[in-house]
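What follows is a set of notes on a single structure, which appears directly below.
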Amino acid sequence: MKITVETTVAAPIEEVWRAYTTPEDIKQWNAASDDWHTTDAKVDLRINGAFSSRMEAKDGSMGFDFSGIYTNIVKPNLIEYSFGDRTARVEFSDIPEGVRVCVTFDSESTHSVEQQRDGWQAILNNFARHAGASL
């Protein structure tokens, strides 16, 4: 099953793209709640290039790695990647209000669709706040 989340960022598309693909920026926005943070991020932004990030609870109680391979890149409009046996598509579209960012990803079976949607949406909301404030 595919799940889609989206947001709008009031910034130029080049700035939104940079904030989404730069490791130092990713560490600023890549968390679903204030009690988590991303401690490391790596990006090799090319087809077959790898990416990874380490997300941890701020109290040190748990953490996990998220990694994958870029399968398609059309700067500044599209990023597609695989992670494990799943895929995701990130679309950046100019609209009058700024840039619409739409993320569509394959669901997994451990968490409910609602939990997955809520978590990815929370991360995307953090991204929108960060990218909109970075001007």
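The values are calculated or read from the model by the stated rules, or taken from the named source; none is laboratory data. What you are looking at is a predicted structure, and each value in this text was computed from that prediction instead of being measured. Glycine gets a Cβ as well: all are built from the backbone with ideal geometry, and neighbour counts include every protein chain shown. Side chains included, ligands, DNA and RNA excluded: accessible areas come from the protein's heavy atoms. Shrake-Rupley method; radii C 1.70, N 1.55, O 1.52, S 1.80 Å.
Between L45 and V113, full extension at 0.36 nm per residue minus the direct alpha carbon distance yields a gain of 21.6 nm. Taking a straight Cα-Cα cut-off under 23 Å and skipping sequence neighbours fewer than 8 places away in the same chain, the lysines within cross-link reach of K58 are K27, K42.
Using a cutoff of 8 angstrom between alpha carbon atoms and counting only pairs six or more residues apart, the relative contact order for the range 1-61 works out to 23 percent. The listed residues D44, D25, D35, D85 rank as D85, D35, D44, D25 when sorted by accessible area, largest first, using a 1.4 Å probe.
If you take all other residues with their beta carbon under 10 Å from the beta carbon of A41, and give Lys and Arg +1 and Asp and Glu -1, the sum is 0.
Loop-located GluC sites (Glu not before Pro) in the range 1-101 (DSSP state not H, G, I, E or B) with no more than 11 neighbouring Cβ atoms inside 10 Å: E97. Taking 10 °C and 1.306 mPa s as conditions, the chain diffuses translationally at an estimated 105 µm²/s according to Stokes-Einstein applied to its Kirkwood radius (Cα pairs). Averaged over its residues, the chain has an accessible area of 54 Å² per residue, based on protein heavy atoms and a 1.4 Å probe. Annotation: extensible slack from R18 through N77 equals 20.1 nm (criterion: 0.36 nm per residue apart, minus Cα-Cα distance). Tally up the carbon and sulfur contribution to the accessible surface of the range 6-68 as a whole percent, 1.4 Å probe, everything protein left in place. Using a 1.4 Å probe with all protein chains present, the range 6-68 comes out at 48 percent carbon and sulfur.
Summed over all non-identical Cα pairs, the Kirkwood treatment of the range 12-77 gives a radius of 12.7 Å. Placing a pseudo-label 7 Å from each Cα along the Cα-to-Cβ vector at H37 and S67 gives an inter-label distance of 2.3 nm. For a straight C-alpha distance cut-off of 18 angstrom, the aspartates and glutamates reachable from K75 (same-chain residues fewer than eight places away being disregarded) are E14, E15, D25, D44, E91, D94. The sum of -39500 (n - 2.57) across all DSSP H runs of n ≥ 4, divided by the residue count of the chain, sets its helix-only mean residue ellipticity at 222 nm to -8500 deg cm²/dmol.
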